[in-house]
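All remarks here apply to the structure that follows.
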Amino acid sequence: MSRVKPAKPFLKWAGGKRQLLEHLRARVPENHNTYHEPFIGGGALFYDLAPKKAVLADFNLRLVRTYCAIRDNPEAVIARLATYPNEKRFFLKMRARDIDSECDEELAAWMIFLNKTGFNGLYRVNRKGGFNVPFAGYKNPNICDSVNLLAASKRLQGVSVLYEDFRSLEDRVKPGDFVYFDPPYVPASNTASFTAYTKNGFGLEDQAELRDMARRLKDKGVSVLLSNSSVPEVHALYAEGFERIEIFANRAINCNAAKRGKVAEALIW
């Protein structure tokens, strides 16, 4: 009997955690009940831990619908992706589609295609929710990784994937659960902002509300782990009631190639 290939993220996502898994894993409690991740993004830690009970969520409806399609009907998504060419004209046509009115499988194929063929795999929208990342022109992108999509689908079986704001998490989390927060990061500079995953963004007030909720969860016996940029604003937010370390990650998503490389990040618990 052949071994099932482990699942890995099927989307490239700004701030993805695949290279930091060793650091994250070391700070996950050995025994916990339900795993919660309210900013799912690429889902690297979820796939790595493969928890028996998990609730995933995000406030990016397209992302949530993509996860649901991969969980519930991966074959239909694969069938669409297998026909999509790596061509700029086709990319621009896809980018301009009114995709939100289509079925989940159609939207998921759209999302994955643009993610694999757009510049740096970046997901970015304007104030109207329009996807506005340019065509990358990669020579041979893996648009349809059917093996991993099927593995990801298997891992998602029995997992709830919710469209909701992170604030909804507090009412359902119970003592003994574990929550991993990986929100849009506080920008490291005035120009380095990657918070446009939804048309409403994610500002410092949201960051402060997240900190307050994490503190309340800890007080009631929930294990929490947070990621963010290692900048003065974040250090100040988590100065009391939390432990924090600084780690470094290679980040390739920057329009200026000279600014790509090792970036300081904070792990907080």
Any lysines whose Cα falls less than 25 Å from that of LYS52, other than same-chain ones fewer than 8 residues away, would be LYS5, LYS8, LYS12, LYS17, LYS154, LYS174, LYS218, LYS220
Between the modelled labels at LYS154 and ASP100 (7 Å from Cα along Cα→Cβ) the distance in nm is 3.6
So the carbon and sulfur contribution to the accessible area of the chain, 1.4 Å probe, in percent, is 49
For the chain, dividing by residue count, accessible area per residue (probe 1.4 Å) in Å² works out to 50
If the chain between TYR138 and VAL125 were fully extended at 0.36 nm per residue, the gain over the current Cα-Cα distance would be 2.6 nm
Computed on Cα atoms, the radius of gyration and Dmax of segment 1-155 in angstrom are 15.9, 51
Ordering LEU204, LEU63, LEU150 by the accessible surface of their heavy atoms, 1.4 Å probe, largest first, yields LEU204, LEU150, LEU63
For LEU237, the accessible surface traced by a 1.4 Å probe with all protein chains present amounts, in square angstrom to the nearest 10, to 30
Using alpha-carbon coordinates alone, the radius of gyration and Dmax of segment 6-50 in Å work out to 10.5, 29
GNM of the chain, Cα pairs under 10 angstrom: of ALA57, ALA14, ALA136, the biggest fluctuation goes to ALA136
Placing each pseudo-label 7 Å from Cα in the direction of the beta carbon, ARG89 and ASN73 end up separated by a distance in nanometres of 3.0
Sorting PHE90, SER153, PRO74 by the position of each Cα along the dipole of the chain (Lys, Arg +1; Asp, Glu -1; all at Cβ), the one nearest the positive end of that ordering is PHE90
One would report the Cα pair-distance distribution of the chain, bin width 10 Å, in %, as 6, 29, 37, 22, 5, 0
With +1 on the Cβ of every Lys and Arg and -1 on the Cβ of every Asp and Glu, the dipole magnitude of the chain about its Cα centre, in debye rounded to the nearest 20, is 960
With the charge dipole of segment 98-232 built from beta-carbon charges (+1 for Lys and Arg, -1 for Asp and Glu) about the Cα centre, the Cα from PRO183, ALA109, SER168 projecting farthest to the positive end belongs to PRO183
Computed curve, segment 49-106, Cα-only Debye sum without solvent term, log₁₀ I(q)/I(0) at 0.27 Å⁻¹, is -1.22
Accessible-area order for ASP212, ASP100, largest to smallest, probe 1.4 angstrom, reads ASP100, ASP212
Sorted largest first, the Cα spans of segment 76-139 on the principal axes come out in Å as 31, 27, 17
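The values are calculated or read from the model by the stated rules, or taken from the named source; none is laboratory data. Source: prediction; values computed, not measured. Neighbour counts run over all protein chains shown; Cβ positions are idealised from the backbone, glycine included. To get the accessible areas, we keep the full protein, side chains included, count just its heavy atoms, and leave off ligands, DNA and RNA. Shrake-Rupley method; radii C 1.70, N 1.55, O 1.52, S 1.80 Å.
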